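Following: one structure in structure tokens, then a few remarks.
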Protein chains: 4
Amino acid sequence: MKRLRYAMVGGATGSFIGPIHRMAIRMDDLADLVAGCFSRNARTNAVSAAKFRIDPERVYPDWQSLVAAERGRIDFLVVATTNETHYAIARAALRAGINVFCEKPLSLTLREANELGRLAAKNGCVLGIPFTYTGYPMVKLARDLVRRGELGHVDKVVMEYVQGSFRKPDRRTSWKTDPKIAGPSCVVADIGVHAFTMIEYVTGLEVQSLLADLSSFANTAGLDDDASILMRLSEGAKAALVTSKVATGEENGVRLRVYGDKASVFWDQEAPNYLSVKYPMRPEMVYKRKAPYVGDVSARSAAASRFPAGHHEGFVEALANIYDEFAAAVLSGKTRDFPGAREGVRSMRFVDAALKSAKAGCRWIRL
Amino acid sequence: MKRLRYAMVGGATGSFIGPIHRMAIRMDDLADLVAGCFSRNARTNAVSAAKFRIDPERVYPDWQSLVAAERGRIDFLVVATTNETHYAIARAALRAGINVFCEKPLSLTLREANELGRLAAKNGCVLGIPFTYTGYPMVKLARDLVRRGELGHVDKVVMEYVQGSFRKPDRRTSWKTDPKIAGPSCVVADIGVHAFTMIEYVTGLEVQSLLADLSSFANTAGLDDDASILMRLSEGAKAALVTSKVATGEENGVRLRVYGDKASVFWDQEAPNYLSVKYPMRPEMVYKRKAPYVGDVSARSAAASRFPAGHHEGFVEALANIYDEFAAAVLSGKTRDFPGAREGVRSMRFVDAALKSAKAGCRWIRL
Amino acid sequence: MKRLRYAMVGGATGSFIGPIHRMAIRMDDLADLVAGCFSRNARTNAVSAAKFRIDPERVYPDWQSLVAAERGRIDFLVVATTNETHYAIARAALRAGINVFCEKPLSLTLREANELGRLAAKNGCVLGIPFTYTGYPMVKLARDLVRRGELGHVDKVVMEYVQGSFRKPDRRTSWKTDPKIAGPSCVVADIGVHAFTMIEYVTGLEVQSLLADLSSFANTAGLDDDASILMRLSEGAKAALVTSKVATGEENGVRLRVYGDKASVFWDQEAPNYLSVKYPMRPEMVYKRKAPYVGDVSARSAAASRFPAGHHEGFVEALANIYDEFAAAVLSGKTRDFPGAREGVRSMRFVDAALKSAKAGCRWIRL
Amino acid sequence: MKRLRYAMVGGATGSFIGPIHRMAIRMDDLADLVAGCFSRNARTNAVSAAKFRIDPERVYPDWQSLVAAERGRIDFLVVATTNETHYAIARAALRAGINVFCEKPLSLTLREANELGRLAAKNGCVLGIPFTYTGYPMVKLARDLVRRGELGHVDKVVMEYVQGSFRKPDRRTSWKTDPKIAGPSCVVADIGVHAFTMIEYVTGLEVQSLLADLSSFANTAGLDDDASILMRLSEGAKAALVTSKVATGEENGVRLRVYGDKASVFWDQEAPNYLSVKYPMRPEMVYKRKAPYVGDVSARSAAASRFPAGHHEGFVEALANIYDEFAAAVLSGKTRDFPGAREGVRSMRFVDAALKSAKAGCRWIRL
């Protein structure tokens, strides 16, 4: 297998998300980090680059010079900056024919997301987005159970993605509540998009319209920090989603239930190696990641597992699974099982509709 | 303590809810069953009465004759019939000055509920309703934690009451989906009212308006079998409720979370002897029913517990707690801690608003 | 069905175990309490009797006069006194031909237990003992799964019954640590016997020998408050048991796992409405009390359940199940599914062997 | 930080444990794999080496030539072969002054382990052993809670490490049941040593004697596949351990409870991001990995965590934590927090004593 090379914008030493991307890429030894602009701060940039053993010639003071200089020399660019820069960086890279793996949200507005989606298609670039929860093996199993008809017709989805981070003293003033950096939405754009993407990924259905009630309970400059969103999906299904940053005491509560007319599935990100399947007239069944019977139902799930059942995997493996598929797409030019341009655009459509609905007093808005 | 005597309408041998009422009343040896009309079927009525050792003179062919004959001879009447008869029976009993413990929903319409509420007040009768989940000791602890300010300002409530009963072959044609018997609502009137009452009981807030999306996924003659309801409460709080009879594989999933700005509580009816309290900067705390520290925080919770921590109580004890308070009110004439006329009327207001909102395409409706 | 009448020794108002017996008997309206000697304290006895509405003529100053006077007038006698009196009371009652339901441990010594067992057989009396955990519906399901061969050959049992009560300030000086009242063993005789009985009940095997390591970690006058016990069962199976009163922070941790060569079962008394079954090559299956599929496997379990799945039962229902079977035996004279003379004697054999083994430095002792 | 280089013996593509070591080392980018003898099969060796991009000059046909040629060119050697070769390889490497990270069990006999321990000390080599469970952040928190006196005096440890692997059709004939490869013990040497090491690590106490009941339930050539072991620790504490390979349906059940006279802790490897602490008179407290309050109690635990609370870590992070400390010791020459020669020797002492005790009919054996 050809050795891949990548560059990174953002993600300096000490940042939250940068190290996670690097670890995920290293997990299966996918690619070497060969260039970067890790920080706008020159010293932080230099220190980080040294730590990552980057050739000083390939350390750049800004992303513009990185894109210009690395065009044709890297296989993909990881964008791990704050929200307001995603669009410009991704656009420049895609225009230069560089594959992009960009943090969510893909952009601040739906218009920008649409443009990036078109640009990627036009230039034949692979665009990846870390909707990490779709990378978990048991989420993949859930998707395959739905596809195989085990649940029958999907009627209702109940989902939540709740955090209590805005109740902690040190988080309240984060950039995520500054509209200039975060964009017009906080909780919906930051974590609601994960939930939305999971719903469509697992059910294979499309959200067609939504109704959103947004709130600002903490001091978040008017940006939403809590949302209750009702959705109507294709084939007559419905969904209810609660997402919040003020769910006091919650760490990262991503919980998905899908009710079909024959069975239902439940997955909880805080116990991610299990999937519960419930039936009307049979005992509840608890599937365990990588157990022999998982592979019988979902080759996708088994292939996305590294360690035997009982030896738990977590967040970084899920992201590594997304990178594995992204890298395979980069190498093969073929569609693979990872969230990309389509998911990036649809998730921004979701954010856009939620903002419109809330403004209109909780009216139904078509996506 | 004076020995109480009660009569029952409905609840023959073999019925679902009748035995539960009798067991709950026997638990603390509150009252003797002395009269009844247990079934419209004469034979079933007679067989049941014999089994309950009722004096044959006090077994009646219809509730009308029971009310007429037992006036002044019983301390209260338990109404355990199907929905469409609650109003008429309760009205007759209250007019006769008889205290009434009536199954939910109190009536088929809000107008009827209002009338019963007024009648009870006018005639000085005690009216009790088995919103059983408010009788659990850990729900009472949750209420007292909120009252003591442990949660700070309550911002958001996330609640669900989900069952999968309509996915079972034998339940689909039950009387609960016959509008002539069940009334104009199925899931909202049958179990949604429990959820609504719990929210107001635990938070001490009032639901002021709601927006409801009702569905009929199973073959339920057009009655709602699934609902997603958003609510606005007093003091700026909000709530999201999912209630369903088509939540495949769920048994009786009553789960309540209340998020305040200082802490949150979580209670799950399927693990009812625990209450989880979460904080932003402290470990999660799991309270156990009747443990010594519970009484320090909530005398109400400790008093409502019979067995030591670790020796689990369940559904029948919760109902017995409601009966204990109801009986104390019957004896003392004073207000006690149980769901009564107010809760009965408010819960019908909730059903009424939900039906109106759904009809209007999910508009906000004031309660 | 003939109405049963019973008397009680011990169990005054305010005692721990007395009210539980009375509630359990009332649950299915099995029998009327008609006589008693509730306390050695005359005033407490009188107050209790009045509260229970006992005819003053049938309230006795001591158990000797009760047995003498009530012979032939009651159907059974409940013995709810402290350990050191069980033997004498039960012996007198059995000699008088009275059926006895006696708290555990049945006696202070194996010799006494043997005598009571022989006496019950000789006089045709029914003897019942509240090994309450064998009364839980999901324990009965476990037993039937083993019997049906679902687990294959049972190889290993891992069991614990752990409490932290002796770590609480107010419990350390209880009578349970006074050898004159409690007898020669504390934790083994008080709760170890429950565990032992469950193992034999669920597996259908007999413990043939054991090796016990007893400890006194808290200030318990030299009586055992913690034990680790290894056992060898019939058919080559083995068991490991930990039982403790100094398991700090535990409330009532009764957890049983049985490993067969085809499957295993797990039951936890603190989540008693579930039974987990695990297989080598299939997902874990979680059975829920009274769900339709339970009855297909265990009529015994379904019959021992009162409320639908999801409406939880607990400790008092388990004891009521034992009383139901005991009462049926009293009425029919036939063997039924409840712990009786055999279990009483075997559990004392277990206590006796454990004390001997510990004294001999953890030698294997045959039962 | 100086860049480390390492070689590996065993661990070819497709092996179970090899990839885990490599991933763990890559996680924090600790060292480069520069040489190896990955398989005795020449073709497998070559294919693996190519996949790992090893300079062909540094791929060796046997470990002897690797040790001879790489002396002084690598910073450490990872031994990921089957048990019977550990001793010889480790001995050769230590004699050559090479630091060694060796799979458990360190050797087949206690004598060999003692020799390796002495050799490491004499030659100033660092010896590391993947007792991976001691690398989990919440296990480190448990250790620090004990050290800080939060539990008071430790009285009793209850531990289990149970797997059902020998019940699966394809595992029964694995090399782990071949005494020539596995050595004289199967379950005790393979996973019992993990449990033993955790007990000493968390409590800070030493096991002084033990009593072991070993069994062979599956067809394991007479080697133990199930064990119940009682232990006596320093300071009067006791422990009970169950470890098994025939615990049908269990995946990797590592569960540790430590009961002190003030509090107890519970950790379950299948929910590894949580630690439960229970008190006699306070609610149970559930600590969550990397939550702010964890660092207040255990800097060690916080430092061993990569991702925020709620973003789960698992098995590979735990092993990476051990490698981090091992690498720091290699670089600094100082003692660090990882299992090394001492733990390797003591764990073999444990295996040796368990075998002796079982042979002697469960006699107490001093370690």
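The values are calculated or read from the model by the stated rules, or taken from the named source; none is laboratory data. All values reported here derive from a predicted model rather than from experimental measurement. Note that each Cβ is placed from the backbone with ideal geometry, even for glycine, and that neighbours are counted across all protein chains shown. Note: areas computed on protein heavy atoms with side chains; ligands, DNA, RNA excluded. Shrake-Rupley method; radii C 1.70, N 1.55, O 1.52, S 1.80 Å.
For the range C:111-126, how many residues are in contact (Cβ under 8 Å) with a residue 40 or more places away in the chain and either open to solvent by 10 Å² or more (accessible area, probe 1.4 Å) or more than 19 Å from C:E200 (Cα to Cα) (or both)?
The number of residues fulfilling the criteria is 8.
Conditions tested, residue by residue: (1) in contact with a Leu (Cβ under 6 Å, 6 or more places away or on another chain); (2) among the hydroxyl-bearing types (S, T, Y); (3) in contact (Cβ under 8 Å) with a residue 12 or more places away in the chain.
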residue	(1), (2), (3)
A:R147	no, no, yes
A:E150	no, no, yes
A:M159	yes, no, yes
A:T177	yes, yes, yes
A:A182	no, no, yes
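Could you tell me how many of the residues in the range D:18-34 are closer than 24 Å to D:A92 by Cα and open to solvent by 40 Å² or more (accessible area, probe 1.4 Å)?
1
Within the range A:64-91, how many residues are part of a helix (DSSP H, G or I) and within 23 Å of A:P184 (Cβ to Cβ)?
Qualifying residue count for the region: 9.
Which one is farthest from C:T13 (Cα to Cα), of the residues in the range C:92-113 that are assigned to a helix (DSSP H, G or I) and touching a helix residue (DSSP H, G or I) at 6+ places or on another chain (Cβ under 6 Å)?
Going through the qualifying residues, I end up with C:L110.
Kindly establish whether C:V126 is among the hydrophobic types (A, V, I, L, M, F, W, C) and within 14 Å of chain D (Cβ to nearest Cβ).
Answer is no for this residue.
Of the residues in the range C:35-48, how many are within 14 Å of chain B (Cβ to nearest Cβ) and either closer than 25 Å to C:A328 by Cα or buried (at least 18 other Cβ atoms within 10 Å of the Cβ) (or both)?
Number satisfying all stated conditions: 1.
What residue, of C:V242, C:V294, C:V246, C:V265, is at pLDDT 95 or above, under 19 Å from C:V157 (Cβ atoms), among the hydrophobic types (A, V, I, L, M, F, W, C) and in contact with a helix residue (DSSP H, G or I) (Cβ under 7 Å, 6 or more places away or on another chain)?
C:V265
Looking only at the range D:121-137, decide whether some residue is more than 30 Å from D:T177 (Cα to Cα), assigned to a helix (DSSP H, G or I), touching a Ser or Thr at 6+ places or on another chain (Cβ under 8 Å) and at pLDDT 95 or above.
Yes, some residue in the range D:121-137 is more than 30 Å from D:T177 (Cα to Cα), assigned to a helix (DSSP H, G or I), touching a Ser or Thr at 6+ places or on another chain (Cβ under 8 Å) and at pLDDT 95 or above.
Pick from the range A:224-239 the residues that are touching a Lys or Arg at 6+ places or on another chain (Cβ under 8 Å) and surrounded by fewer than 24 Cβ atoms within 10 Å (Cβ to Cβ): which of them is farthest from A:V146 (Cα to Cα)?
The selected residue is A:R232.
Kindly evaluate B:V146 against the criterion of being within 14 Å of another protein chain (Cβ to nearest Cβ) and out of contact with any Pro (no Cβ under 9 Å at 6 or more places or on another chain).
Yes; evaluated as a whole, the condition is true for this residue.
Cβ contacts < 7 Å: first residue more than 8 Å from chain D (Cβ to nearest Cβ) and free of Cβ contacts under 8 Å to residues at least 40 places away in the same chain, restricted to the range A:1-30; second residue in a loop (DSSP other than H, G, I, E, B) and hydroxyl-bearing (S, T, Y), any location; separation 6+ or different chain. Result?
A:A12/A:S39
Is it the case, given these coordinates, that A:V207 is within 27 Å of C:S276 (Cβ to Cβ), more than 8 Å from every other protein chain (Cβ to nearest Cβ) and under 24 Å from the mean Cα position of the chain (by Cα)?
no
Kindly list the number of the only condition in (1) more than 14 Å from chain C (Cβ to nearest Cβ); (2) open to solvent by 50 Å² or more (accessible area, probe 1.4 Å) that fails for B:V59.
With respect to (1) more than 14 Å from chain C (Cβ to nearest Cβ); (2) open to solvent by 50 Å² or more (accessible area, probe 1.4 Å), B:V59 is out only on (2).
Looking only at residues in the range C:210-228 that are among the polar types (S, T, N, Q) and within 8 Å of another protein chain (Cβ to nearest Cβ), which one is nearest to D:Q163 (Cα to Cα)?
In this case the residue turns out to be C:S228.
This table checks each residue for (1) open to solvent by less than 20 Å² (accessible area, probe 1.4 Å); (2) away from chain A (no Cβ under 14 Å); (3) touching a His at 6+ places or on another chain (Cβ under 9 Å).
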residue: B:P130; (1), (2), (3): yes, yes, yes
residue: B:Y136; (1), (2), (3): yes, yes, no
residue: B:D155; (1), (2), (3): yes, no, no
residue: B:F166; (1), (2), (3): yes, no, no
residue: B:W175; (1), (2), (3): no, yes, no
residue: B:P179; (1), (2), (3): no, yes, no
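Quick check on the range A:203-222: of everything there that is open to solvent by less than 40 Å² (accessible area, probe 1.4 Å) and over 14 Å from A:R346 (Cβ atoms), which residue is modelled with the lowest pLDDT?
A:T220
Restricting to the range A:54-63, count the residues that are within 22 Å of D:R3 (Cα to Cα) and either modelled with pLDDT under 95 or part of a helix (DSSP H, G or I) (or both).
3
Considering each of A:R342, A:R363 in turn, give the residue that is open to solvent by 40 Å² or more (accessible area, probe 1.4 Å), away from chain D (no Cβ under 14 Å) and not in a helix (DSSP H, G or I).
A:R363
Within the range C:303-315, how many residues turn out to be more than 7 Å from every other protein chain (Cβ to nearest Cβ) and in a helix (DSSP H, G or I)?
Residues flagged as more than 7 Å from every other protein chain (Cβ to nearest Cβ) and in a helix (DSSP H, G or I) within the range C:303-315 amount to 1.
Counting only residues that are within 19 Å of the chain's Cα centre (by Cα) and modelled with pLDDT under 95, which one in the range C:1-17 is most open to solvent (accessible area, probe 1.4 Å)?
Filtering first and then ranking leaves C:F16.
For a quick check of your reading: which strands (runs of 3 or more DSSP E) sit entirely within the range A:229-292 and have at least 1 residues that are away from chain B (no Cβ under 11 Å), in contact (Cβ under 8 Å) with a residue 12 or more places away in the chain and within 28 Å of A:F350 (Cα to Cα)?
Output list reads A:253-260, A:264-268, A:274-278.
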